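First comes the structure, then the notes that go with it.
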Amino acid sequence: MLFRSRKVEDLEQEIADSEERIAELETNLADPEVHRDGRRMAEVTADYDNTTSQLEMLYAHWEEAVELN
């Protein structure tokens, strides 16, 4: 993704979407049923890790976009 040319508002929406997704995944990670299913737990954990990494990157690009505008 090219972030330098993206609008602050677009990045803010992606940040909000990622934060919402992380909240959903945290709920799943707290669910005993998910813990009983090793495959599902691995999927949720991987999705959580990927989404949190993406969120960190989005925040960095958002800060850069704010400074440029």
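The values are calculated or read from the model by the stated rules, or taken from the named source; none is laboratory data. None of the values given here were measured: they were computed from a predicted structure. Here the Cβ is made from the backbone with ideal geometry for all residues, glycine too, and neighbour counts use every protein chain on show. When the accessible area is computed, the model is the full protein with side chains, heavy atoms only, and any ligands, DNA or RNA have been set aside. Shrake-Rupley method; radii C 1.70, N 1.55, O 1.52, S 1.80 Å.
Summary table below
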quantity: Accessible area (Å², per residue) of the chain, counting only protein heavy atoms and a probe of 1.4 Å; calculated: 71 Å²
quantity: Fraction of accessible area attributable to carbon and sulfur, the chain (%, probe 1.4 Å); calculated: 50 percent
quantity: In nm, spacing of pseudo-spin labels at Asp17 and Glu63 (7 Å Cα→C-beta vector); calculated: 2.3 nm
quantity: Helix-only mean residue ellipticity at 222 nm for the chain, each DSSP H run of n ≥ 4 adding -39500 (n - 2.57), per residue, nearest 500; calculated: -29000 deg cm²/dmol
quantity: Cα pair count fraction exceeding 14 Å, expressed as % - the chain; calculated: 61 percent
